[in-house]
């Protein structure tokens, strides 16, 4: 239990710093903004209690808001993502994909399951974040393009991270 807590705390700190120091400086003409810090929510263990999931997501989002001065936008998007996460897991799972003590990953669930899981949750987060940021529908399609391009870039980073952590045979 303590090892899991330390591992998740280290991941939390690393992802916040990586996002703030490196990825927030990457913007391609305002349309592609990678938000890799949400990888923390994606990797939380299956049996994480809902209250802890929501509090962790809020702390993650509010930490990003402090560094980026976005007044709760990241916190709202992260909490929505964490709220939807159990429903997404139950909707795409047959019940045999996960065991106690495991986290969602390519290694444990396979490519198809992890792809569905990641795509849905990243789209939920990015949609909430960008539409709350713009807060009007006059630029609906321009914002939708931002959501799709940023989601694609974030998903690319998620799958690269999963590939790098995937154990390779000797």
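Quick notes
- Of all residues in segment 24-67, those that are touching a residue at least 40 places away in the same chain (Cβ under 8 Å), under 21 Å from residue 147 (Cα atoms) and under 17 Å from the mean Cα position of the chain (by Cα) total 12.
- Subset tally (residues that are buried (at least 18 other Cβ atoms within 10 Å of the Cβ) and either out of contact with any helix residue (DSSP H, G or I) (no Cβ under 8 Å at 6 or more places or on another chain) or in a loop (DSSP other than H, G, I, E, B) (or both)) for segment 31-41: 3
- Criterion: surrounded by 18 or more Cβ atoms within 10 Å (Cβ to Cβ) and assigned to a helix (DSSP H, G or I) - qualifying residue of 20, 124, 66: 124
- Test result for residue 89, free of Cβ contacts under 8 Å to residues at least 40 places away in the same chain and either out of contact with any strand residue (DSSP E or B) (no Cβ under 9 Å at 6 or more places or on another chain) or buried (at least 20 other Cβ atoms within 10 Å of the Cβ) (or both): no
- Lone unmet requirement of (1) in a helix (DSSP H, G or I); (2) under 16 Å from residue 162 (Cβ atoms) for residue 44: (1)
- On the stretch given as segment 131-170, residues that are in contact with a helix residue (DSSP H, G or I) (Cβ under 7 Å, 6 or more places away or on another chain) and more than 24 Å from residue 114 (Cα to Cα) total 5.
Rule-based calculations on the coordinates, nothing more; no lab input. Everything numeric here is computed off the predicted structure, so don't read it as measured data. Backbone-built Cβ (ideal geometry, glycine too); neighbour counts: all protein chains shown.
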